[in-house]
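Each remark here refers to the structure printed beneath this line.
The values are calculated or read from the model by the stated rules, or taken from the named source; none is laboratory data. This one's a predicted model, so the numbers in the text were calculated from it and none came from an experiment. Cβ atoms come from the backbone with ideal geometry, glycine included; neighbour counts cover every protein chain shown.
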Amino acid sequence: MLTKKELPSVIIAAVLMVLTLTSSSCSGRYLKTESAVEQEIAGNYTLILYGGNSVDDLKTVAILAKEGTPYSFEVYAPDFDYKAIKGVPAKDALEVAEKFVSFHQSFWKTQLSKIIDDQGKPIGYEVRPLYYPIIGNQSDIFDVYYKKSDGKVTVYIRSYEYPEERFHFEGGMDIGPK
C-alpha cells in the first residue's frame, strides 16, 4: 500500500511514462503533396500498389517512392493490402500505376501529385483514381497522408464513407442516413 507521501511521485512517474510512450508514436511531421506533371518524373522508383483486392475495390492508390533519397516508405496497412516493386524506371512505374488505379468501371481519370519533403523537393509521387461523381457524390473518395519520422515515411490511407454505407434500405425505400 502506498502512503500519501509516495502517491504523488507514483502518479508523476506514471504520467511521464504515458507521455513518453505516446510522444514517440505521435512524433513526426506530415508531408505536403502538390499537383505534378508526368514530365518531371525521372529516375527509378519503388512502386507501391495499394488496394485492388477485388473487382469492386474503389480504394486503390499507387505511390512512386523515389529511390536514392534518405526516405523509405511504409504503408500503414496489412501486407496483403499492398505490394511493393523495387527498381522500376519512371516511365514504367507511371504506366503500371495508371493502369492499376483505372480498372474500376466507375473510373474517370487519374490525379498525379508529388510528395515533397521539408525542403520542397519531391521524394515520390502519388497516382490516385478519380471516379465519376455518382460514387459518393464526389470524384475523390479517400485521403492519403504521408507522415515523416526518422527517415521513414508512413502512408496512411483513409476512405470517405461510401454512399451505399450511409443509407438504410428497407423494401427498396431509402429511409435516410444511418
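Just one of (1) at pLDDT 95 or above; (2) not in a loop (DSSP other than H, G, I, E, B) fails for SER24. It is (1).
If you go through the stretch 51-76 one residue at a time, how many are assigned to a loop (DSSP other than H, G, I, E, B), of a type in the set (D, E, K, R) and under 13 Å from the mean Cα position of the chain (by Cα)? Quick ask: steps written out before the conclusion?
Taking the stretch 51-76 first, the residues assigned to a loop (DSSP other than H, G, I, E, B) are 51-60, 67-71, 76.
After this cut, where a residue has to be of a type in the set (D, E, K, R) as well, the list is 56-57, 59, 67.
If we keep only those that are under 13 Å from the mean Cα position of the chain (by Cα) as well, we get 59.
Summing the residues that are assigned to a loop (DSSP other than H, G, I, E, B), of a type in the set (D, E, K, R) and under 13 Å from the mean Cα position of the chain (by Cα) in the stretch 51-76 gives 1.
The set of residues in the stretch 101-133 being modelled with pLDDT of 95 or more and of a type in the set (Phe, Trp, Tyr) consists of TYR125 alone. Within the stretch 111-131, track down each residue that is touching a Pro at 6+ places or on another chain (Cβ under 7 Å) and buried (at least 23 other Cβ atoms within 10 Å of the Cβ). If the condition is that a residue be touching a Pro at 6+ places or on another chain (Cβ under 7 Å) and buried (at least 23 other Cβ atoms within 10 Å of the Cβ), then ILE115 is the only one that fits. A count restricted to the stretch 77-117 and to residues that are touching a Phe, Trp or Tyr at 6+ places or on another chain (Cβ under 7 Å), farther than 17 Å from ARG128 by Cβ and part of a strand (DSSP E or B) stands at 1.
Please pick out the residue among GLY68, GLY52 that is surrounded by fewer than 20 Cβ atoms within 10 Å (Cβ to Cβ), among the small types (Gly, Ala, Ser) and more than 19 Å from PHE142 (Cα to Cα).
It is GLY68.
On inspection, LYS5 qualifies as farther than 22 Å from ARG158 by Cα, modelled with pLDDT under 95 and either within 14 Å of the chain's Cα centre (by Cα) or loosely packed, with under 10 Cβ neighbours inside 10 Å (or both).
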